[in-house]
Amino acid sequence: MTVRFNSKLATIPGYTPGVPKGHSAEDVAGSTLAQLASNESPYAPLPEVVDAIGAAAGSMNRYPDPDATLLRKRLGERHGIDPSRITPANGSCEILLAAADALLEPGAEIVYAWPAFSMYPMLAAMTGAREIRVPLAPGEVHDLEAMLLEITAATQLVLLCNPNNPTGTYIPFADIAAFVERVPEHVTVLLDEAYIEFQTEDDPDASIGLLDEYENLVILRTFSKSHSLAGLRVGYAIGSPAFRAAVDAVRQPFSVNALAQAAAVEALKHGETVRAQILTAIQERSRVEAGFHAHGLATATTGANFSWVSLGDKGEEIEDHVIADLAEAGIIVRAGRLLGGPGWLRISYGTTEENDRMLEALGDSIRRHS
């Protein structure tokens, strides 16, 4: 007899990681391969954070604090928010999955822009909800008016990725506030701000002020990008206590491991150092973007730590060839066709040396295939 699995498995698209096929994350970390596919920080965790992880490692015979009490307290202090409204998680992805489980079911609807974070299509497939993808407007930006028109009595969840992954484009705070004001109260607006620290138009914490006005707003943040903790998987949501209770009811206990909790608590003590690293990344962004333009390549206006690079009129035809050329040169980038944008590349910023190698190899490949 053949084992029969849930039929919905055939509809779940899954997530394709940026680590190249045939390599482990350890292979990449220990090589000269320029890993520019996963929007990671090129900086190692701060020494103080590494020390905190080491100090916590001796207690790994015990389960972690299931409520992440100290981390919630420190995040509450950081954002001026009651800790009861903060939900730490095994990366912000865990909150996305739990929110879908808690809010969606057959007959419900989820609305999001597309292309956007590649996990979003999994949510409807996992829950039986109906997904509504709203194409990005010219400039690769969210079409907020079109998204509002898609909201119905059946809509349970609206996702806004800001800055957007994979395009990097940023929705100004004023537009976010106006959008949330017009969303019906029965709809949860999940504002996914994994890259918010890298945009320069608004105070990164501007959106936090909206939480007191709108109980249906949830904000996602992560330590993976700006705090160099992608390998430990720690993020958090800020919303209502009711949202926290709902997602806690559908996810496993002890979801944030003890090392991640210790690392995040320590990282929060070093805001000035983290901001200095972010500023360096923003400066490098300007230089790398200029390099793309010098090769005749258009990019979306980015407010993140990566660029969305158009390969031009022949983009879909040459995309795989360019990716193969870059891989041959020891540079891994993300294929746009895997992210909803065939003919584009998503390229994270690495070290200056890695970025220079990438620009040179990319220029050579473009000339070869143009």
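The values are calculated or read from the model by the stated rules, or taken from the named source; none is laboratory data. All of these numbers come straight from a predicted model, not from anything done at the bench. Neighbour counts run over all protein chains shown; Cβ positions are idealised from the backbone, glycine included.
Quick one: which residue in A290, A300, A304, A329 is farther than 27 Å from P204 by Cβ and either surrounded by fewer than 21 Cβ atoms within 10 Å (Cβ to Cβ) or at pLDDT 95 or above (or both)?
Of the residues listed, the single one that is farther than 27 Å from P204 by Cβ and either surrounded by fewer than 21 Cβ atoms within 10 Å (Cβ to Cβ) or at pLDDT 95 or above (or both) is A329.
Output yes when any residue across the range 257-265 is among the hydrophobic types (A, V, I, L, M, F, W, C) and free of Cβ contacts under 8 Å to residues at least 24 places away in the same chain, and no when none is.
Scanning the range 257-265, I find no residue that is among the hydrophobic types (A, V, I, L, M, F, W, C) and free of Cβ contacts under 8 Å to residues at least 24 places away in the same chain, so the answer is no.
If you scan the range 66-105, which residues turn out to be at positive phi and either crowded, with 22+ Cβ neighbours inside 10 Å or in contact with a His (Cβ under 8 Å, 6 or more places away or on another chain) (or both)?
A68, G91
Conditions tested, residue by residue: (1) under 22 Å from W344 (Cβ atoms); (2) hydrophobic (A, V, I, L, M, F, W, C); (3) not in a helix (DSSP H, G or I).
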site	(1), (2), (3)
A124	no, yes, no
H186	no, no, yes
L190	no, yes, yes
P204	no, no, yes
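Mind checking which residues of the range 245-271 are buried (at least 21 other Cβ atoms within 10 Å of the Cβ) and under 20 Å from the mean Cα position of the chain (by Cα)?
Those that are buried (at least 21 other Cβ atoms within 10 Å of the Cβ) and under 20 Å from the mean Cα position of the chain (by Cα): V247, S255, V256, A260, Q261, A263, A264, A267.
In the range 187-213, what count of residues is obtained for those that are surrounded by fewer than 17 Cβ atoms within 10 Å (Cβ to Cβ) and not aliphatic (A, V, I, L, M)?
Qualifying residue count for the region: 8.
Kindly indicate which of F292, F306 is among the aromatic types (F, W, Y) and more than 20 Å from the chain's Cα centre (by Cα).
Just a single option satisfies the conditions, and that option is F292.
Check R285 against each of (1) charged (D, E, K, R); (2) touching a strand residue (DSSP E or B) at 6+ places or on another chain (Cβ under 9 Å); (3) surrounded by fewer than 20 Cβ atoms within 10 Å (Cβ to Cβ) and name the one condition it does not meet.
If we test R285 against (1) charged (D, E, K, R); (2) touching a strand residue (DSSP E or B) at 6+ places or on another chain (Cβ under 9 Å); (3) surrounded by fewer than 20 Cβ atoms within 10 Å (Cβ to Cβ), just (3) comes out false.
Can you find, within the range 263-304, the residue that is farthest from E140 (Cα to Cα) among those that are small (G, A, S) and in contact with a Leu (Cβ under 6 Å, 6 or more places away or on another chain)?
Result: A263.
Consider the range 298-341. How many of its residues are within 16 Å of G168 (Cα to Cα) and assigned to a loop (DSSP other than H, G, I, E, B)?
Qualifying residue count for the region: 10.
If you check A264, A260, which single one turns out to be assigned to a helix (DSSP H, G or I), assigned by TED's automatic domain parsing to the domain that holds C93, under 30 Å from M60 (Cα atoms) and in contact with a strand residue (DSSP E or B) (Cβ under 8 Å, 6 or more places away or on another chain)?
None of the other options fit; the residue is A264.
So the check is Cβ under 9 Å with 6+ separation or different chains; which pairs have a first residue in the range 50-63 that's on the phi < 0 side of the Ramachandran plot and a second one that's assigned to a loop (DSSP other than H, G, I, E, B) and of a type outside the set (A, V, I, L, M)?
Final answer for the pair search is I53/P45; M60/N257; Y63/P253; Y63/F254.
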